[in-house]
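To start, the structure itself, in structure tokens.
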Amino acid sequence: MRTTYCGFVSETLMEQTVTLMGWAHRRRDHGGVIFIDLRDREGLVQIVCDPDRAEMFKTAEGVRNEFCLKVVGKVRARPAGTENANLVSGKIEVLCHELEVLNPSVTPPFQLDDENLSETVRLTHRVLDLRRPAMQKNLMLRYRVAMEVRRYLDEHGFVDIETPMLTKSTPEGARDYLVPSRVHDGQFFALPQSPQLFKQLLMVSGFDRYYQITKCFRDEDLRADRQPEFTQIDIETSFLNEQEIRDMFEGMIRHVFRNAMNVDLGEYPVMTYADAMFRFGSDKPDLRVKMEFTELTEVMKDVDFKVFSGPANAVGGRVVALRVPGGAELSRGDIDGHTEFVKIYGAKGLAWIKVNDLASGRDGLQSPIVKNIHDTALKAILERTGAQNGDLIYFGADKAKVVNDAIGALRLKIGHSEFGRGKGLFEERWAPLWVVDFPMFEHDEDENRWNAVHHPFTAPKDGHEDYMDTDPGRCVAKAYDMVLNGWELGGGSVRIHRAEVQSKVFKALNISAEDAQVKFGFLLDALQYGAPPHGGLAFGLDRLVTLMTGAESIRDVIAFPKTQRAQCLLTGAPSNVDEKQLRELHIRLRNAQAAA
């Protein structure tokens, strides 16, 4: 029906007759000549309707925003001085010969070029929101990214294999979405949190290079980068070691950025988990922010200030400094604001020193805490941080997790702020990173037990197997995360393929052989049949595209997302179902108040 897309009409089609289909983005009546900006997924083109074609012009007079139109016309140059450099079609216009309203539209609830729409309005009217050029651009990029992933993996011998959506509930770190079985009274399927177990089964089956772009489901609290259902680029391979796996999929991400966005990601540094936590307090540091922690735990052990010496001498305590170059310019109101900010992450407060004049000794330092710190410690603080006149030094002192979370978040807040950018504390670039050598286990103090940092099928570093019996906290995993601009883009590990190592992991996690068989028996049984060495990783497609578009939330790169309350405002899901359906599923709803 059409000869090309609106966004493809350019001076290359000059003097040719084209047939276009799209929506009236804007209609303007200029003294008897009507202009219609016709829009489709590829962009806009200006349509000119002259009154000398009476029937066509009468139709144009009735056109309103979002009418679906068919236009036949001749491409011609725009008059001098009216070109639009922002459009592919900016140097031309289409003189309309025939105009047909394929379908009129009621008045839209908002203008598509309105930049001040609330997310509630956008998600309620998502069909119209998706017509907006920004959203169409996002979803078209998402399509290109997925195609480049498939192209790269196909070229490297990977096979796309689907895994089940209705499966067994297994402990994987988040709540499962459960699906009641009508056929099996009182029993439930679970929607997969990931295809982890099935992709390992495929390795045992001999499909040594598997991938899948698939939906995953987790019933957890939501935020900007989480959805109850999300899309994962899931990959597993056999007979490659940890380095070879990382090299292959670094190549894939480089390929995607180069071909989908014409971006070269440049250097891809590698950092251990221990180094990332030591320098940035985060296992996904944003390297664009040019500030790092200064470790002061040993320095503060003998100071009179209990706020510092207490954590410095406590098991699991930590004291760090964060030097903010030029930060002495910050007002007391700014400092109070930062103090309230770190409290979100469990910090009790935020100590600070303004460095006004190093040559004046203590008199050149402005702070309520300086009097409580002896000369040796004060000298060490200034030397280790590299403080200069005009700097501000913030301190974090508490349990290591609180310090890492609070000061790590403060580092990002300051670095990304207008102040931080103005002081050169933020570098606008792509900042990829591999974080490697994660701990195998983390200790749950409340329950006094060890938990797997990733999942219980992650392999330990060679020679670390015996630590699982004697000191699980020393055990390092063959695990790796890819980080980009402070976001975890993807993560994975080499898997355990030998039964004796798997038994040691279960023992460290206090999972009995009986429990392991109940929860993971189908995998454990399969691993007995000559399971090959294997490993892989998974990338979050939603996060990847969010980063590439610069969107504030992954909801802006998903066609029909849920809200932060896990609701679909477009369809009204979740919703009630009738009693007949519940009876068929052998379900009776208890009164919510009585259940409480």
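The values are calculated or read from the model by the stated rules, or taken from the named source; none is laboratory data. Just so it is clear, the model here is predicted, and its values are computed rather than measured. Here Cβ is always computed from backbone atoms with ideal geometry, including for glycine, and neighbour counts include all displayed protein chains. Side chains included, ligands, DNA and RNA excluded: accessible areas come from the protein's heavy atoms. Shrake-Rupley method; radii C 1.70, N 1.55, O 1.52, S 1.80 Å.
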Q: Working only within segment 91-104, note down all residues that are assigned to a loop (DSSP other than H, G, I, E, B) and either farther than 19 Å from D29 by Cα or charged (D, E, K, R) (or both).
A: K91
**Q.** Number of the condition not met by A409 [criteria: (1) closer than 30 Å to D334 by Cα; (2) small (G, A, S); (3) over 27 Å from the mean Cα position of the chain (by Cα)]
**A.** (3)
Q | Members of segment 118-141 found to be in contact with a helix residue (DSSP H, G or I) (Cβ under 8 Å, 6 or more places away or on another chain) and outside any helix (DSSP H, G or I), listed by number | A | L130
Q.
Looking at segment 242-290 only, could you name the residues that are of a type in the set (S, T, Y) and at pLDDT 95 or above?
A. T272, Y273, S282
Q: Identify, by number, the condition in (1) under 22 Å from K423 (Cα atoms); (2) surrounded by 12 or more Cβ atoms within 10 Å (Cβ to Cβ); (3) more than 37 Å from the chain's Cα centre (by Cα) that K379 doesn't meet.
A: (1)
Q: Identify all residues within segment 522-539 that are modelled with pLDDT of 95 or more and either surrounded by fewer than 17 Cβ atoms within 10 Å (Cβ to Cβ) or within 10 Å of the chain's Cα centre (by Cα) (or both); write none if there are none.
A: P532, P533, F539
Q: Count, please, the residues in segment 325-347 that happen to be more than 17 Å from V370 (Cβ to Cβ) and either open to solvent by 20 Å² or more (accessible area, probe 1.4 Å) or in contact with a Lys or Arg (Cβ under 8 Å, 6 or more places away or on another chain) (or both).
A: 16
Q: Hey, could you check segment 115-166 for residues that are polar (S, T, N, Q) and surrounded by fewer than 18 Cβ atoms within 10 Å (Cβ to Cβ) and say which is nearest to A551 (Cα to Cα)?
A: Q136
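Select from segment 258-271 the residues that are of a type in the set (A, V, I, L, M, F, W, C) and closer than 17 Å to I213 by Cβ and list them in ascending order.
Of all residues in segment 258-271, those of a type in the set (A, V, I, L, M, F, W, C) come to 260-261, 263, 265, 270-271.
Of everything in segment 258-271, just one residue is of a type in the set (A, V, I, L, M, F, W, C) and closer than 17 Å to I213 by Cβ, namely A260.
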Q. Looking only at strands (runs of 3 or more DSSP E) that fall completely inside segment 412-471, which ones have 1 or more residues that are under 22 Å from the mean Cα position of the chain (by Cα)?
A. 432-436
Q) Can you find a residue in segment 408-431 that is out of contact with any Asp or Glu (no Cβ under 8 Å at 6 or more places or on another chain), closer than 25 Å to E244 by Cβ and surrounded by fewer than 21 Cβ atoms within 10 Å (Cβ to Cβ)? A) yes
Q. E292 versus (1) over 29 Å from the mean Cα position of the chain (by Cα); (2) surrounded by 13 or more Cβ atoms within 10 Å (Cβ to Cβ): which is the lone unmet condition?
A. (1)
Q) Inside segment 540-557, can you point out the residues that are open to solvent by 10 Å² or more (accessible area, probe 1.4 Å) and touching a strand residue (DSSP E or B) at 6+ places or on another chain (Cβ under 8 Å)? A) G540, R543, L547
Q: Take segment 133-167 and flag every residue that is at pLDDT below 95 and under 19 Å from M203 (Cβ atoms).
A: T167
Q.
What's the number of the only condition in (1) touching a Lys or Arg at 6+ places or on another chain (Cβ under 6 Å); (2) in a helix (DSSP H, G or I); (3) among the β-branched types (V, I, T) that T237 fails to meet?
A. (2)
Q) Using beta carbons and a limit of 6 Å, which pairs, at least six apart or on different chains, have the first residue in segment 120-136 and hydroxyl-bearing (S, T, Y) and the second one outside any helix (DSSP H, G or I)? A) T124/L569
Q: Take segment 336-351 and flag every residue that is of a type in the set (V, I, T), touching a strand residue (DSSP E or B) at 6+ places or on another chain (Cβ under 9 Å) and in contact (Cβ under 8 Å) with a residue 24 or more places away in the chain.
A: V342
Q: Return yes when A174 is small (G, A, S) and closer than 30 Å to D113 by Cα and no when it is not.
A: no
Q) Looking at (1) open to solvent by 40 Å² or more (accessible area, probe 1.4 Å); (2) polar (S, T, N, Q); (3) within 30 Å of T563 (Cβ to Cβ), which is the one condition that is false for N313? A) (3)
Q | Top-ranked residue of segment 348-382 - restricted to ones that are assigned to a helix (DSSP H, G or I) and among the basic types (K, R), ranked as nearest to T294 (Cα to Cα) | A | K379
Q.
Which condition from (1) in a strand (DSSP E or B); (2) surrounded by fewer than 17 Cβ atoms within 10 Å (Cβ to Cβ); (3) among the hydrophobic types (A, V, I, L, M, F, W, C) is the one that M1 breaks?
A. (1)
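State yes or no: is G420 on the phi > 0 side of the Ramachandran plot and in contact (Cβ under 8 Å) with a residue 40 or more places away in the chain?
no
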Q: Please work out which residue is surrounded by the most Cβ atoms within 10 Å (Cβ to Cβ), limiting yourself to segment 472-490 and to residues that are outside any strand (DSSP E or B) and in contact (Cβ under 8 Å) with a residue 60 or more places away in the chain.
A: K478
Q: Report those strands (runs of 3 or more DSSP E) wholly inside segment 265-346 carrying at least 1 residues which are farther than 24 Å from W487 by Cβ.
A: 293-295, 317-324
